[in-house]
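The values are calculated or read from the model by the stated rules, or taken from the named source; none is laboratory data. All values derive from a computational prediction rather than experimental measurement. Cβ sites come from the backbone with ideal geometry, for glycine too, and all protein chains shown count toward neighbours.
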Amino acid sequence: MKLNRNNAALRVSAGLPRQFPADPLPQIAFSGRSNVGKSSLVNSLVGRRALARVSQSPGKTITVNFYEIDRQLYFVDLPGYGYARRSAEDQRRWSVLTDGFFTANRSIDRVKLVVQLIDARVGATADDRDMLAYLRAASLPFLIAATKTDKLNAAERAAAYEQFRSESAFSGADCILFYSSQSGEGRDALWDEILRHANL
């Protein structure tokens, strides 16, 4: 059955691992640091402006949000990491919840792909490298989405391309895609990867 990409709804905002859905739908997780553009990317994929809330205060969201796509697939928006102003308690909650998604998820076998977002203007941070090392150690399939490419001029784009191609932290990634939620660059290519991994 063909997937209607625009038929999307928030199913669960989980603050505890026990609240994660257990139904047998494939899951595509979106991971990245705060303010890397995860919510904007999710919205652009489903053609909606406000399915995923774009926070004006980076680092404030500490839930795992499950978006059901046409009753065939979950997009899982993980809390952003690496925001320096987050309190110690919030950092602890983020760590427990995000770790719980990978270690206490009753449907971990349903996680078919992790889309790791990296700001194309910044490159991989220490926190990004830690997350990528974790994904490799857990043998989870992942790809790199280099976000906010519309903010790069031609010279910056060429430099970013070379940087991403040579970044050792990206070893093991299925592919590296340049993505812009504003222009739509990379949208079709990312959907192709999502559908392939979800076997849809």
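Just a few scattered comments:
Table: residues versus (1) modelled with pLDDT of 85 or more; (2) closer than 17 Å to Phe101 by Cα; (3) of a type in the set (D, E, K, R).
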position: Asn6; (1), (2), (3): yes, no, no
position: Ile28; (1), (2), (3): yes, yes, no
position: Asn43; (1), (2), (3): yes, no, no
position: Ala52; (1), (2), (3): no, no, no
position: Gln56; (1), (2), (3): no, no, no
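- Of all the residues in region 176-197, those that are at negative phi and in contact with a helix residue (DSSP H, G or I) (Cβ under 9 Å, 6 or more places away or on another chain) number 13.
- Region 140-157, residues that are within 24 Å of the chain's Cα centre (by Cα) and either part of a loop (DSSP other than H, G, I, E, B) or more than 24 Å from Leu195 (Cβ to Cβ) (or both): Leu140, Pro141, Lys148, Asp150, Lys151, Leu152, Glu156, Arg157
- Test result for Ile194, in contact with a strand residue (DSSP E or B) (Cβ under 6 Å, 6 or more places away or on another chain) and surrounded by fewer than 19 Cβ atoms within 10 Å (Cβ to Cβ): no
- Hits in region 158-171 (condition: touching a residue at least 40 places away in the same chain (Cβ under 8 Å) and assigned to a loop (DSSP other than H, G, I, E, B)): Glu167
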